[in-house]
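A short worksheet on the structure shown next.
The values are calculated or read from the model by the stated rules, or taken from the named source; none is laboratory data. Because the structure is predicted, anything quoted here is derived from the model rather than measured. Here the Cβ positions follow ideal geometry from the backbone for every residue, glycine too, while neighbour counts run over all protein chains shown.
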Amino acid sequence: MCGIVGIVGKENATDILVQGLEKLEYRGYDSAGIFVTGVNEQDHLVKSLGRIADLRARIGQEVQGTVGIGHTRWATHGKPSERNAHPHTAGDHQFILVHNGVIENFEEIKQEFLQGEQLAGETDTEIVVHLIAHFSKEAPNTKEAFKKALAVIKGSYAFALINKNDPETIYVAKNKSPLLIGLGEEFNVICSDAMAMLSQTNRFVEIADGELVTVKADKIEIEDETGTIVCRDSYEAQLDLSDIEKGTYPYYMLKEIDDQPAVMRRIILEYTDQVGRTTIDQTIIEKITESDRVYVVACGTSYHAGWVGKTIIEKVAGIPVEVHLSSEFSYNMPLLSDNPFFIFLSQSGETADSRQVLVQINDLGFPSLTLTNVPGSTLSREAMYTLLLHAGPEIAVASTKAYTAQIAVLAVLAKAIGDKKASPVSKAFDVAHELSVIASVMETIIDDKITISQLVEDYLAVTRNAFYIGRGTDYYVSMEAALKLKEISYIQAEGFAAGELKHGTIALIEEGTPVFGVITDEKTAAHTRGNLKEVESRGAHNFVISLASLAKETDQVILPDVHPLLTSLVSIVPTQLIAYFATLQRGYDVDKPRNLAKSVTVE
């Protein structure tokens, strides 16, 4: 969601801020703004509704500075508008603030401290900057006023604050929302995502919750909630700028779909040796084998991957697995087993709902593992163990390669646990070989884009809604396939267990309704085909995705056979392309769907 950038000590601060915001466009936003100062004692605040291109168009040659902050906003409090865009100001524009997160007690703050204050917009952020200005009337300096405000505030936040009367300093603080300090030569930067500032530096310092950091061009000073100075080493971001460029692709999503075979091969290299044995840290494996139940906690696409992972782990390793939505688990924790182990799935490693659960799990003393695409992310730092997805940066809002990477890594993990437990299923499951086959099959599917594009034009050009159906892991794929279609093409799409159609859902079938059937399981293939006949007799326009060994000549997409435990890794690929082409043909932005954000950093 919202993005923050900032810099101290560069003459071209304006260009660096705007370029940084452009790197954060993938996160989702509805407005943007920058503040720069430090040249000829001139201050410049520029905000715009819409894209970064709209903001750039408003920035004149005179907008220059050596210090500045910038922000992309995804509306939570107050509708998308220029007056609600960040940065916000207070104290006769003396204090300038950007903020990611949600302030839970902003109404109480307004009533207690800001009676009679004139506010320009409707955001919780504006309340905070006015609170800082309020405390500055008695505090000896900006930092102390900021501290007083932080002591009052409840909620999640990443703040960057400038006092234009001290134009050589940015004050930052965080709680639950991601924020990093980047170290340069005679300059320093701040950002909510390292990708935003990779053009300036690859050395970053993490900030812990509750800390306040003073950032100047030649130094940074971190202090904790007690005022104690904290010393922390920097780390080198393992990213390359070329990894986050589209190259010759028209959209990131298409590039990321095409990346999936390479991701499968990278996972094989990272987690198996030359003879196919798993190389996952045995400490992790021992901890899981000691447990009596695994709890997978995730949101959205990762939640769907968790359901597929449940099937693989239970069949290969023989350990019962439960899958839970983070947002539900954190406030309605189920009755736990005596010796649980928790697995958190998150592409970004910053998902706020999942982090809320992890905090509770850590307080209870239970072991945890994060599977994430981002080293050094919050969930990675705070879980007991981490396994990286090695998928490379995923920019498009609609996740594709991170989903298949999560399933692949869970399959390797299941194999490692099964081997430790001497499971006969695991012994026969050569995961390195099978993932290699998967990679080749993915390439075959991806190479047939033209066929899928033509089918999409026939099935989805004018439809208002569509359904995916399947059984077992095909049902889990149907849920993810429907999510992909609805989130970028805006077609009302739902994924259902095929056997549940007669229990209510079939009432929604109308003449011409597209129904996509996923068939990769020999045990249930005939049953799913029976369900497809039922909807066809009521006017449905059926589209079948099947394995070659289960296919009929009339099926629209026929997939080469793969290992039965890993069919979801190939059956999902045509559905990703279906969503892509449906969106393209309807004239929408594939990478940046409306109202959505890539990384959901607020609960």
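Would you mind listing the strands (runs of 3 or more DSSP E) fully within the range 12-85 where at least 1 residues are crowded, with 24+ Cβ neighbours inside 10 Å and of a type outside the set (S, T, N, Q)?
Answer list for the range 12-85: 31-39, 67-73.
Here's the yes/no breakdown for (1) outside the structural domain of Ala262 (by TED's automatic domain parsing); (2) closer than 26 Å to Glu314 by Cβ; (3) touching a helix residue (DSSP H, G or I) at 6+ places or on another chain (Cβ under 9 Å):
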site	(1), (2), (3)
Gly512	yes, no, no
Lys523	yes, yes, no
Phe543	yes, no, yes
Leu547	yes, yes, yes
Leu559	yes, yes, yes
Leu584	yes, no, yes
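Mind listing whichever residues of the range 534-587 are among the acidic types (Asp, Glu) and buried (at least 22 other Cβ atoms within 10 Å of the Cβ)?
Matches in the range 534-587: none.
Of Lys216, Lys246, which residue is touching a Ser or Thr at 6+ places or on another chain (Cβ under 7 Å) and either at pLDDT 95 or above or charged (D, E, K, R) (or both)?
Only one candidate qualifies: Lys216.
For Thr528, are the conditions met, namely being part of a helix (DSSP H, G or I), modelled with pLDDT of 95 or more, touching a helix residue (DSSP H, G or I) at 6+ places or on another chain (Cβ under 7 Å) and farther than 20 Å from Thr311 by Cα?
No; evaluated as a whole, the condition is false for this residue.
Search the range 355-367 for residues that are touching a residue at least 24 places away in the same chain (Cβ under 8 Å) and pair each with any residue that is surrounded by 19 or more Cβ atoms within 10 Å (Cβ to Cβ) and of a type in the set (Gly, Ala, Ser) when their beta-carbon atoms are under 6 Å apart and the residues are at least 6 apart or on different chains.
Gln356/Ser330; Val357/Ser326; Val357/Ser330
Matching residues to (1) under 23 Å from Gly6 (Cβ atoms); (2) in contact with a helix residue (DSSP H, G or I) (Cβ under 6 Å, 6 or more places away or on another chain):
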{"residue": "His93", "(1), (2)": "yes, no"}
{"residue": "Glu104", "(1), (2)": "no, no"}
{"residue": "Leu114", "(1), (2)": "no, yes"}
{"residue": "Asp124", "(1), (2)": "yes, yes"}
{"residue": "Lys143", "(1), (2)": "yes, no"}
{"residue": "Lys147", "(1), (2)": "yes, no"}
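If you check Lys147 against the conditions, is it within 31 Å of the chain's Cα centre (by Cα) and more than 19 Å from His71 (Cβ to Cβ)?
Criteria met by Lys147.
For the range 479-491, does any single residue satisfy the condition of being touching a Pro at 6+ places or on another chain (Cβ under 6 Å), assigned by TED's automatic domain parsing to the domain that holds Tyr459 and either surrounded by fewer than 22 Cβ atoms within 10 Å (Cβ to Cβ) or under 24 Å from Ala396 (Cα atoms) (or both)?
Within the range 479-491 (the criterion being touching a Pro at 6+ places or on another chain (Cβ under 6 Å), assigned by TED's automatic domain parsing to the domain that holds Tyr459 and either surrounded by fewer than 22 Cβ atoms within 10 Å (Cβ to Cβ) or under 24 Å from Ala396 (Cα atoms) (or both)), the answer is yes, since at least one residue qualifies.
Please go through the range 488-500 and pick out each residue that is part of a helix (DSSP H, G or I) and modelled with pLDDT of 95 or more.
Ile488, Ser489 - these are the residues of the range 488-500 that are part of a helix (DSSP H, G or I) and modelled with pLDDT of 95 or more.
Just to be sure before I move on: is Val98 hydrophobic (A, V, I, L, M, F, W, C) and in contact (Cβ under 8 Å) with a residue 60 or more places away in the chain in the structure I sent?
yes
Would you call Val316 within 22 Å of the chain's Cα centre (by Cα) and either assigned to a helix (DSSP H, G or I) or crowded, with 24+ Cβ neighbours inside 10 Å (or both)?
no
For the range 368-403, name all the residues that are touching a residue at least 24 places away in the same chain (Cβ under 8 Å), within 25 Å of Leu569 (Cα to Cα) and β-branched (Val, Ile, Thr).
Within the range 368-403, Thr370, Thr372, Val374, Ile395, Val397, Thr400 qualify.
Out of all the residues in the range 270-292, is one or more outside any helix (DSSP H, G or I), on the phi > 0 side of the Ramachandran plot and in contact (Cβ under 8 Å) with a residue 12 or more places away in the chain?
Scanning the range 270-292 turns up at least one residue that is outside any helix (DSSP H, G or I), on the phi > 0 side of the Ramachandran plot and in contact (Cβ under 8 Å) with a residue 12 or more places away in the chain.
Do we have any residue at all in the range 324-343 that's touching a residue at least 60 places away in the same chain (Cβ under 8 Å) and part of a helix (DSSP H, G or I)?
Checked the range 324-343: at least one residue is touching a residue at least 60 places away in the same chain (Cβ under 8 Å) and part of a helix (DSSP H, G or I).
Got a sec? Which of Gly121, Gly116 is modelled with pLDDT under 90, in the same structural domain as Gly50 (by TED's automatic domain parsing) and within 24 Å of Ile170 (Cβ to Cβ)?
Gly121
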